[in-house]
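A short write-up of the structure that comes next.
The values are calculated or read from the model by the stated rules, or taken from the named source; none is laboratory data. Note that this is a predicted model, so its numbers are computed, not measured. A quick note on method: Cβ atoms are made from the backbone with ideal geometry, for glycine too, and the neighbour counts reach across all protein chains shown.
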């Protein structure tokens, strides 16, 4: 079974713990968002003692105007910060708007998937025991978490950022070329991708 399938299974397993919550199943992992702003790697933050996600203390951000076409979430200038990418592919993942950007180069670059998650960051924290790798994070001042179905050091990572108490954005990255830069630190790439989107939403 390949790594992406394992990550997807971990996501589905976490969703099983969300029964009774208002939000629905998190987006399924795929081969993995606004203007300007710092896109450097965000710093880590600690979770609350209850194991739930830290609260959003910044201005709540909305994804509503992008739901009909999630590929408009990023401007052309922002997309260039991801790399030399093909046009975004608009998709729907179980009712969750999604856009996927694949690199023009066949190898050596990350693919990015942006999903408007039905689940909140708090839901992912509640299901974190299902992920072999789960790291609390902070992206552009907003609470987040990065996780992977294996170990977070082999080209795949997903970062979920709380834009408000009820809104979350998931950014997933995938790279299959082991010799490529950042292959062993993919979560820094997914967190940077999330930061690009957030700075544009502010």
Next on the checklist: Condition (residue is out of contact with any helix residue (DSSP H, G or I) (no Cβ under 6 Å at 6 or more places or on another chain), part of a loop (DSSP other than H, G, I, E, B) and modelled with pLDDT under 90) applied to the stretch 85-101: is it met by at least one residue?
Outcome noted: no
Checklist outcome for this item: Heads up, the strands (runs of 3 or more DSSP E) in the stretch 117-202 (entirely inside) with at least 3 residues that are within 19 Å of residue 100 (Cα to Cα) are 142-148, 156-162, 168-174
Item to check | Conditions (1) in contact with a helix residue (DSSP H, G or I) (Cβ under 8 Å, 6 or more places away or on another chain); (2) surrounded by fewer than 23 Cβ atoms within 10 Å (Cβ to Cβ); (3) more than 21 Å from residue 180 (Cβ to Cβ): number failed by residue 81 | outcome: (3)
Checklist outcome for this item: Apart from one, (1) out of contact with any strand residue (DSSP E or B) (no Cβ under 9 Å at 6 or more places or on another chain); (2) over 20 Å from residue 94 (Cα atoms) all hold for residue 143; the odd one out is (1)
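So that you can scan it fast, the table gives a plain yes or no per residue for (1) in a loop (DSSP other than H, G, I, E, B); (2) closer than 13 Å to residue 114 by Cβ; (3) at pLDDT 95 or above:
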{"position": "20", "(1), (2), (3)": "yes, no, no"}
{"position": "33", "(1), (2), (3)": "yes, yes, no"}
{"position": "48", "(1), (2), (3)": "yes, no, no"}
{"position": "53", "(1), (2), (3)": "yes, no, no"}
{"position": "79", "(1), (2), (3)": "no, yes, yes"}
Next on the checklist: Restricting to the stretch 55-77, give me the number of residues that are in a loop (DSSP other than H, G, I, E, B) and within 16 Å of residue 98 (Cα to Cα).
Outcome noted: 8
